[in-house]
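First comes the structure, then the notes that go with it.
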Amino acid sequence: MREKSIFKINGFAAMIIALACIGFGIYLLVTGATIPEKIAGVIVLILGLVIATSLTIVQPNEAKVLTFFGTYLGVIRDQGLWATIPFTFKRSVSLRVTNFNSEKLKVNDLEGNPIEIAAVVVYKVNDAAKALYDVENYEKFIQIQSETGIRHIASRYAYDSFENTGNTLTLRQNSDEVADVLVQDLQKRLDVAGVDVIEARIMHLAYSSEIASAMLQRQQAQAVLSARKVIVDGAVGLVKAAIDQLTEQDIVELDEEKKAQMVNNLMVAIVSEKGTQPIINTGSIY
């Protein structure tokens, strides 16, 4: 089923003709003295009623889909009052941009962790005929297919990456990329309903309650490890710079044992989470 235009004329002119016919027909029926006049009045009245059945009003951003005794004829998209084929059945389809907020869905991510996910889908109907006649209920169809697409995309990616690999897309860190993939997936699913997906974006993402505590501890541990790595890398640089400066300026002569002891002391002082207590040595370092 494809959307196509249908014959139409200005509805105001047709309305005037219909009213004139109805009025003149009633006049002939009331004032007619002979049977031919009354028959003419009936014919004119019926003609006016037939023209009246062709009238339809199309609101802004709306389409009227017309069928004639079960046969699909076409669509009127232009707003205003129009006259078309009489005795047609007219159904309205909104062409406005619409939001659909999915329910919070529970699904396993790529690593098998149960997560809660929900998304907002922005769409509009681009083919009114397909929306009405290719699916049973296009709004319900959009809802079910959107939730199916969200589940499918959520299972293709991990919630988060703990390996710090830049090439791995995750639901939490790459929301824009995942949103683009979700739009493409939903568009393939909703083409049959004549719907354009304008945007789809994750609006809720969380671990399920049964593993939320464990995953929080894992994230905290990962953050601590990352922070300690930065501290250790910085400490190594500081210690190296201190020993190199002492050696270059001949402030003190250090053998390998003294260097090792100094490295140990400096690393402990810098890396330690608690403040170290200085000890003043007034004698030999041995």
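Structure values in brief
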quantity	calculated
Out of Glu147, Glu136, Glu177, sole residue that is farther than 20 Å from Ala206 by Cβ and not in a strand (DSSP E or B)	Glu136
Exclusive hit being surrounded by 15 or more Cβ atoms within 10 Å (Cβ to Cβ), among the aromatic types (Phe, Trp, Tyr), in contact with a strand residue (DSSP E or B) (Cβ under 6 Å, 6 or more places away or on another chain) and at pLDDT 90 or above, set Tyr123, Tyr133, Tyr138	Tyr123
Flag for Glu116 being acidic (Asp, Glu), surrounded by 14 or more Cβ atoms within 10 Å (Cβ to Cβ) and within 16 Å of Ile202 (Cα to Cα)	yes
Filter pass, Tyr159 being surrounded by 15 or more Cβ atoms within 10 Å (Cβ to Cβ), more than 17 Å from the chain's Cα centre (by Cα), among the hydroxyl-bearing types (Ser, Thr, Tyr) and at pLDDT 90 or above	no
Some residue of the stretch 8-31 being in a loop (DSSP other than H, G, I, E, B) and either modelled with pLDDT under 90 or of a type in the set (Ser, Thr, Tyr) (or both)	no
Matching option when the condition is of a type in the set (Val, Ile, Thr), out of contact with any Asp or Glu (no Cβ under 6 Å at 6 or more places or on another chain) and closer than 30 Å to Tyr123 by Cα, among Thr34, Thr56	Thr56
Identity of the residue in the stretch 33-56, within 11 Å of Ala18 (Cβ to Cβ) and touching a strand residue (DSSP E or B) at 6+ places or on another chain (Cβ under 8 Å), that ends up surrounded by the fewest Cβ atoms within 10 Å (Cβ to Cβ)	Leu55
Subset of the stretch 69-104 (residues that are among the small types (Gly, Ala, Ser) and loosely packed, with under 12 Cβ neighbours inside 10 Å)	Gly70
Boolean, Ala154 is within 19 Å of Tyr207 (Cα to Cα) and in contact with a helix residue (DSSP H, G or I) (Cβ under 6 Å, 6 or more places away or on another chain)	no
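The values are calculated or read from the model by the stated rules, or taken from the named source; none is laboratory data. Fair warning: this is a prediction, and the values are worked out from it, not measured in the lab. Cβ: placed from backbone, ideal geometry, glycine included. Neighbour counts: every protein chain shown.
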